[in-house]
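Undergrad: My structure is below; once you've seen it, I'll send some questions.
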Ligand code: PA5
């Protein structure tokens, strides 16, 4: 299981404050479990873990197997909650360097760069391509535009284009559902009661992950295990995390930095950033979610975290074990002065960097939480994703906002569509 250490924020949160807050945090947690808080119609992300659909997991795995056998590449088209979960899990659980036995998954429709799209269309030529277009509404500009280009490419290139395109969308509504029915695409459904950023464990995330060769069943059941663990009000780390964040928010802290000690977890940070930012950033409240990869970013924003304006809280995410046994090699000349590390495991060097950074940041006045993952595994990632989902739902209720909507996202779209001359 994941481990949690909250003592790094004790100096900023006197015990009486925490005790005073506990009943309110428990009430927020109960509201989530009982569906009595804001947005009860969006609690499908918990329902699908309470009632696992193994037949659906089988179907996803079957289509993924076909993709792995027949495709040189899977292009996933989607944005926001329709791509970040898959992107995060694929980065965490597939090798960093190209692996001949694996179907690469590339993303499109997650921005509007013409250079990227043109480059992708060029690169796809001569390859056996499958496409998974993912959009609940089917009308989100970025994926819908990318799909126009990629659909045209598929129809020009492959006689069986309609078999190679798989749509993941709403069960009944939306432009993509209509198009999929007309073309006869195979489809997976995004449940109506699951919002985009909570949809990683639906086919939205599961199909691309399985196509990348990830064990989605273990991942899914990792989340189930964490949901069961977090059902209790006592010793509940999600409740503790949310409560401390809320108290620090009330004390004037403005930003949370998620500091990952393993670059495999960087995109998981991007998934967390959307989950937290869209869920709590409402009514002029919330902690701005920011992600750092250490030790890389200790050489960029480390200075700010240590000595800049004291409005940051920090959550460290570490990995406790792994398969690599790399040890620092000997060098009799010792010109780099590193022989004192000879024979030490690289893992232990990174651990020392974490422990040193943790101490330094605490001494610098940053309230710190530490989450430890036993390994970067499907099980741990599943646990972690549910942990964050549960915690931010509780935090939303503590802030008095609906954690499951995102009304502010419409503002930029309105201005953009006006600029583009979209007919009303
Ligand atoms: O979390 C959300 O709801 C958003 O990030 C959506 O997932 C994103 O805007 C994409 O929407 P759609 O799936 O309708 O294309």
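None of the figures in this text is laboratory data; all of them are computed from the coordinates on show. Given the structure is predicted, the values throughout are model-derived calculations rather than measurements. Every residue, glycine as well, gets a Cβ built from its backbone with ideal geometry; the counts of neighbours run over all protein chains shown.
Undergrad: Output the Cα-based Rg and Dmax of segment 1-90 in Å, rounding Rg to one decimal and Dmax to a whole number.
TA: Every Cα atom of segment 1-90 included, Rg and Dmax give 20.5, 61 Å.
Undergrad: What whole number of Å gives the distance from the Cα centroid of segment 132-195 to the Cα centroid of segment 357-390?
TA: 36 Å
Undergrad: Looking at the chain, send over the antiparallel percent of its DSSP beta bridges, to the nearest 5.
TA: Of all bridge pairs located within the chain, approximately 10 percent are antiparallel.
Undergrad: Moving to a separate point now. Mind pulling the per residue volume of the convex hull built on the Cα atoms of segment 197-320? Å³ is fine.
TA: 141 Å³
Undergrad: Work the Kirkwood hydrodynamic radius out for segment 125-244: mean of 1/r over every pair of different alpha-carbon atoms, inverted, in Å.
TA: 16.4 Å
Undergrad: Using a basic spin-label model with each label point 7 Å from the Cα along Cα→Cβ, how many nm lie between residue 173 and residue 1?
TA: 3.9 nm
Undergrad: Restricting the calculation to Cα positions, tell me the Rg (one decimal) and the Dmax (whole number) of segment 179-220 in Å.
TA: Spelled out, the Cα radius of gyration and Dmax of segment 179-220 are 11.9, 35 Å.
Undergrad: Helix 114-124 versus the longest principal axis of the chain: what angle, 0 to 90°, nearest 10, using Cα atoms?
TA: 70 degrees
Undergrad: Given Cα pairs under 8 Å that are at least 6 residues apart, what percent is the relative contact order of segment 36-171?
TA: About 28 percent, as a whole number.
Undergrad: Name the most mobile residue of 339, 113, 377, meaning the one with the largest mean-square fluctuation, in a Gaussian network model of the chain with Cα contacts below 10 Å.
TA: The residue that fluctuates most here is 339.
Undergrad: What full-extension length gain, to one decimal in nm, is calculated for residue 251 and residue 303 as 0.36 nm per residue of separation minus the Cα-Cα distance?
TA: Length difference between fully extended and current span is 16.4 nm.
Undergrad: Also, I was wondering about something else. Taking R0 as 45 Å, what FRET efficiency do you get between residue 328 and residue 115 from their Cβ-Cβ distance, rounded to the nearest 0.05?
TA: So, using R0 = 45 Å, E works out to roughly 0.65.
Undergrad: Compute the acute angle (0 to 90°) between the alpha-carbon long axis of helix 378-399 and the principal axis of greatest extent of the alpha-carbon atoms of the chain; round to the nearest 10°.
TA: Computed tilt is about 80 degrees.
Undergrad: Using a basic spin-label model with each label point 7 Å from the Cα along Cα→Cβ, how many nm lie between residue 65 and residue 320?
TA: Those two pseudo-labels are separated by 3.5 nm.
Undergrad: Right, something else. Students often check this: by mean Cβ neighbours within 10 Å, which of 223-232, 50-59, 208-217 ranks highest, and how do the rest follow?
TA: So the order, starting with the most tightly packed, is 208-217, 223-232, 50-59.
Undergrad: Could I ask something else about it? Using only the alpha carbons, work out the radius of gyration and Dmax of the chain in angstrom.
TA: My reading of the Cα-based Rg and Dmax gives 22.6, 74 Å.
Undergrad: Please sort 258-265, 84-91, 199-206 by packing, taking for each peptide the average over its residues of neighbouring beta carbons within 10 angstrom, highest first.
TA: 199-206, 84-91, 258-265
Undergrad: At q = 0.14, 0.20, 0.24, 0.28 Å⁻¹, what is the log10 ratio I(q)/I(0) for segment 159-228, with the Debye formula run over Cα points and no solvent?
TA: -0.51, -0.89, -1.09, -1.23
Undergrad: Follow-up question, since we're still on this one. Assuming 1.306 mPa s and 10 °C, estimate D for segment 34-83 with Stokes-Einstein, Rh taken as the Kirkwood radius over Cα pairs, in µm²/s.
TA: Estimated diffusion coefficient is 114 µm²/s.
Undergrad: Rank 83, 130, 185 by mean-square fluctuation in a GNM of the chain with C-alpha springs under 10 angstrom and give only the top-ranked residue.
TA: Maximum among the listed residues: 185.
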